[in-house]
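So the structure is just underneath, and the comments pick up after that.
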Amino acid sequence: MTPSHHALETVPADRLSMPDFAGLFMRAYSDYLVPLHLDEAAVASMIRNWDLSLADSRVVLSADTPVAFACLAIRGERGWIGGMGVPPEHRGHRLGEVAMRAVLDAARQRGLARVGLEVLSGNDIARLLYERLGFEATRMLDIWSLDPLTGQARPARAIETCSVVEALSAPAPGRAPEAPWQRAAASIVNMQAHGAPLEAFATHTSGVIDGVVILARAGGRASVLALDAVPEATDALLAAASAGMPLRYVNVAEDDPHRSAILERGGRVDLRQYEMCWRP
Ligand SMILES: CC(C)(COP(=O)(O)OP(=O)(O)OC[C@H]1O[C@@H](n2cnc3c(N)ncnc32)[C@H](O)[C@@H]1OP(=O)(O)O)[C@@H](O)C(=O)NCCC(=O)NCCS
């Protein structure tokens, strides 16, 4: 029997046990456009790092079976959709829209001023769903990868390690655009608080910081979390971040001033995402 033959009930996501919620999340993303390799620990760390509020997130039940969910993260007056989906066997009944409408009601009740999200450029079914709900595209975000970098472009620069806190509080020398949710300062602080092995590097001119990079190394790859530098310092920071490992830099705004330095080092755009925004 299809879910539409049962009365649907929408409940806060914290009504489910953690294994049940993580299982729903994993099944909904099991055939995602990009393989995610999720397990319960990965879902738990997304909840912590991104400030997902399970009390404000919603799960759709059909005869007590979870059939759809939408996750809401909250920081002050801002919200962000940190995952939504329907397991493959329950699709075709617009249950994703039921979950999204419920989570936007929760956002309204919480008095949020806006709710953001990102959707992969090939994920038309999800993007059209968001448009139906009133989300508007704000900018394009690129997912970059670079082969291992060796050496710096000339002139070489002195690079020093620094603390993540120092890097986060450095003045913005390159005026990097507003960071997307997953790489925002609050996410980086959460990652560090929960023991993620983060590294940071800085470069100076006349004793003043004019470039910083923050990254996480895992699985033989370095993931850039923040990069902000004057143009002359960008290459040296990328080289320090790579330290011989392939680099990944996720959700970089298309007008990011570091784009040309990344391209010069052979950076490739693997995927593009629409960043979208909804206001009550
Ligand atoms: C996005 C998702 C939740 C939609 O599932 P759903 O709620 O069951 O949606 P439906 O299958 O009922 O489809 C909704 C509408 O999109 C249409 N649609 C289906 N495939 C489509 C496609 N490839 N392109 C455009 N429209 C499409 C359907 O026809 C339907 O419209 P209709 O009701 O007028 O026929 C589901 O595909 C999913 O879980 N995907 C994996 C996780 C994911 O991508 N999450 C979003 C991350 S941003």
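Read-outs throughout are calculated quantities, based only on the coordinates presented, and are distinct from any laboratory measurement. All values derive from a computational prediction rather than experimental measurement. Here Cβ is always computed from backbone atoms with ideal geometry, including for glycine, and neighbour counts include all displayed protein chains.
Diagonalising the gyration tensor over the Cα atoms of the range 49-104 and scaling each eigenvalue by 5 before taking the square root yields semi-axes of 22, 10, 9 Å, largest first. Got a sec? Charge dipole of the chain, +1 on Cβ for Lys and Arg, -1 for Asp and Glu; which of Leu52, Pro171, Tyr130 is way out at the positive end? Of Leu52, Pro171, Tyr130, it is Tyr130. Applying 0.36 nm per residue to the separation of Val208 and Arg101 and subtracting their alpha-carbon distance, the gain on full extension is 33.7 nm.
If you stretched the chain out fully between Glu254 and Ser45, how much longer would it get, using 0.36 nm times the residue separation minus the C-alpha to C-alpha distance? Each step should come with its number before you reach the end.
Numbers: separation 209, 0.36 × 209 = 75.24 nm, distance 2.78 nm.
Length difference between fully extended and current span is 72.5 nm.
Given a Förster radius of 51 Å and the C-beta distance between Glu9 and Val230 as r, what FRET efficiency does 1/(1 + (r/R0)^6) yield to the nearest 0.05?
Details: r = 55 Å, r/R0 = 1.08.
Calculated transfer efficiency: 0.40.
Find, among the GluC sites (Glu not before Pro) in the range 35-114, those assigned to loop by DSSP (not H, G, I, E, B) with at most 14 other beta-carbon atoms within 10 angstrom.
Working: sites: Glu40, Glu77, Glu89, Glu97; in loops: Glu77.
Hits after loop and neighbour filter: Glu77.
Computed over the range 83-210, the P(r) tail beyond 19 angstrom holds 68 percent of alpha carbon pairs.
Can you tell me the equivalent ellipsoid semi-axes for the chain? Use √(5λ) from the Cα gyration tensor, largest first, whole Å. Display every interim value, and only then the final one.
Values: eigenvalues 285, 63, 60 Å².
Value: 38, 18, 17 Å, ordered largest first.
Computed over the alpha carbons of the range 3-112, Rg followed by Dmax gives 13.1, 39 Å.
For each of His37, His204, count neighbouring Cβ atoms within 10 Å of the residue's Cβ, then give the residues from fewest to most.
Taking fewest neighbouring Cβ atoms as first place, the list is His37, His204.
Dipole magnitude for the range 143-272: computed about the Cα centre from +1 point charges on Lys and Arg Cβ and -1 point charges on Asp and Glu Cβ, it is near 320 debye.
In terms of Cα atoms, the Rg and Dmax of the range 132-202 work out to 16.1, 51 Å. Can you give the translational diffusion coefficient of the range 143-272 in µm²/s, computed by Stokes-Einstein from the Kirkwood radius over Cα pairs at 4 °C and 1.567 mPa s? It comes out at roughly 90 µm²/s. Between the range 104-166 and the range 17-55, how many Å separate their Cα centres? For the range 104-166 versus the range 17-55, the Cα centre distance is 18 Å.
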